[in-house]
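Written below as structure tokens is the structure these notes are about.
Only the coordinates and a few stated rules stand behind these numbers; no lab work does. Small disclaimer: the values here were computed from a predicted structure and weren't measured. No Cβ is skipped: glycine too gets one built from the backbone with ideal geometry, and neighbour counts run over all protein chains shown.
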Amino acid sequence: MSHEIDRRNLLRLGALGLAVPALATGAMLPRGDDPPQTPPGLGGASSPPKPPWDLAADLIVASVRRPWFPPRNFDVTHFGAVGDGTTMNTAAFAAAIAACNRAGGGHVIVPPGSFLTGAIHLLSNVDLHVSSGATILFSQDPNDFLPVVFTRWQGIELMNYSPFVYSYGQRNIAVTGQGTLNGQADDNHWWNWKNLETNDFDTLETMADDNVPVSQRVFGAGHFLPPQMVQPFLTDGVLLEGVTVINSPFWHLNPNLCNDVIVDGLTISSTGPNTDGCDPESCNRVLVQNVTYDTGDDCMAIKSGRDADGRRVNVPCTNLVIQNCNFANGHGGITVGSEMTGGVKNVYARDLTMNSANLQAGHRIKTNTLRGGYAINTNVYRVTAGTVGGPLLLIVGNYDGQTGDFPPDLTDINLFDWTVDDCEGIWSIVGASASDPVGTATLDDLTITTSTVANSAEYISNLVVKDVTVGGVPVTS
């Protein structure tokens with residue numbers, strides 16, 4: 001197994017100054033201004049040797065630039081916001097953000113209290129800081145998320161309800177603090193649209209297939225495609241740190257077409273349908289760490305567009321590190337797809353804990369010959385798991401039974417150094433077809449106490465099983 005960033009990406013990232021470990025936690029610097037330093041473990045007499053997959057992950061971490069904000073504060077209550085849980089504060093949030101942006105950036109402070117609002121649109125160099133004891137309550141009225149904005153829904157671009165926290169074409173934005181973002185979705189608000197969305201989504205897919213301009217794919221009022229909770233779009237330099245995010249109408253975090261994304265220390269929790277935790281889509285240089293997931297769908301799902309529209313946009317999701325995260329309920333812990341038409345490459349997920357009978361897979365990859373795309377060089381390692389309510393590796397190349405003329409390329413998929421109490425199978429793999437199999441999948445150094453479901457593999461060229469035991473008994477492919 002290679003666990004490598006390809007040479008072209010190494011050269012490109014090196015040219016961007018990735019060899020600066022301090023930038024993962026320091027200020028964002030202009031591109032090309034980074035001093036040449038050596039990342040941890042790459043050299044020096046006192047540096048202990050690191051395995052190649054950790055070196056590759058460290059290079060990505062070092063390349064991610066963290067936004068910096070001037071020490072200026074703009075308290076939303078100074079712009080008319082009232083934290084009584086009933087006053088609508090959309091205009092006050094907009095005024096505070098605009099003032100902060102005009103001043104050259106800083107922090108928009110949400111003090112303790114419950115602040116009801118519609119859509120919040122962030123501008124460049126603005127940190128929305130949600131203080132401890134503060135809750136942003138998002139309205140349950142869909143009209144408070146109009147007018148429609150340019151967004152993406154399940155991998156297809158359209159004009160739709162605004163995501164609750166949104167940016168478009170900005171640079172250096174953040175949501176930080178120890179407060180809470182509460183989407184207030186429940187069985188009577190937003191989540192009940194799950195039973196109503198099919199006709200709208202079928203229409204959207206047809207529009208994309210027919211190459212209808214995005215400006216004419218107008219949904220919103222009278223339609224039933226619920227918005228994401230947080231969606232930076234075409235925004236470079238994104239920091240989401242510390243906050244608790246609950247009860248999203250749809251996917252919680254969905255940075256789209258962004259570079260330099262940091263998600264750090266969040267707690268994400270919802271039980272509703274399609275409430276994925278963190279879904280970076282068509283992004284480059286992404287660091288997700290210290291996040292706790294308990295979701296109604298995939299915990300972490302890496303995406304890059306869907307079907308015809310994904311091929312039109314054609315931007316992959318690359319160079320991601322997920323570390324020190326905890327996974328409870330969810331359809332998959334580290335998932336790729338199914339919206340992966342633009343491709344996914346160089347994923348390093350390390351030092352994770354998983355524990356839930358309702359976690360349906362450890363590492364999940366889902367696509368089909370209509371999606372196409374690729375998943376190359378995904379690595380999930382140093383995982384400690386109690387119970388996993390499904391296989392540790394789940395690859396589905398015929399997801400949803402959809403077929404087309406775009407066979408996916410799935411290869412260099414790696415799990416290693418796992419300790420697991422019990423799971424329902426170690427691997428379950430189905431390639432797209434006999435003529436379009438999965439390439440290489442490797443399971444190395446997995447120690448499992450109990451596995452209650454037989455392993456299965458169909459349509460895979462090279463399944464490597466090494467040093468895998470169940471109850472002390474070696475397992476082979």
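Miscellaneous remarks
- The chain: antiparallel DSSP beta bridges as a percent of all, rounded to 5: 5
- Between 0 and 90 degrees, the angle of helix 198-209 with respect to the longest Cα principal axis of the chain falls at about 80 degrees.
- The trypsin sites (Lys or Arg not before Pro) of region 206-315 include none that DSSP puts in a loop with a beta carbon having at most 16 other beta carbons within 10 Å.
- Calculated mean residue ellipticity at 222 nm for the chain: -3500 deg cm²/dmol, from DSSP H runs with n ≥ 4 weighted as -39500 (n - 2.57), summed, divided by the residue count and rounded to 500.
- Reach of LYS466 by Cα under 17 Å, taken over lysines that are not fewer than 8 positions away in the same chain: none
- Exposure proxy shown here: for ASP260, ASP436, ASP467, the number of other Cβ atoms within 10 Å sets the order, fewest to most, as ASP467, ASP436, ASP260.
- Close amide-amide hydrogen proximity is noted between SER167 and LEU122, GLN231, PHE233, each under 5 Å apart and 5 or more residues distant or on a separate chain (H modeled in the peptide plane; Pro and chain starts excluded).
- Student exercise, the chain dipole from Lys, Arg, Asp, Glu Cβ charges, in Debye to nearest 20: 1240
- Helix axis angle, 52-63 relative to the chain longest principal axis, alpha carbon, degrees: 10
- Of the three principal axes defined by the Cα atoms of the chain, the extents in descending order read 66, 59, 40 Å.
- Degrees between helix 90-102 axis and first principal axis of the chain (Cα, 0 to 90, nearest 10): 80
- Take every Cα pair under 8 Å whose residues are at least 6 apart in sequence, average their separation, divide by the length of the chain, and the relative contact order is 9 percent.
- Options GLY118, THR176, LEU137, ranked by Cα towards positive dipole end of region 65-217, top entry (Cβ charges): THR176
- For region 78-204, DSSP calls about 20 percent of its internal beta bridges antiparallel.
- Formal net charge of residues neighbouring ASN125 (Cβ-Cβ distance under 11 Å; K, R +1; D, E -1): +2
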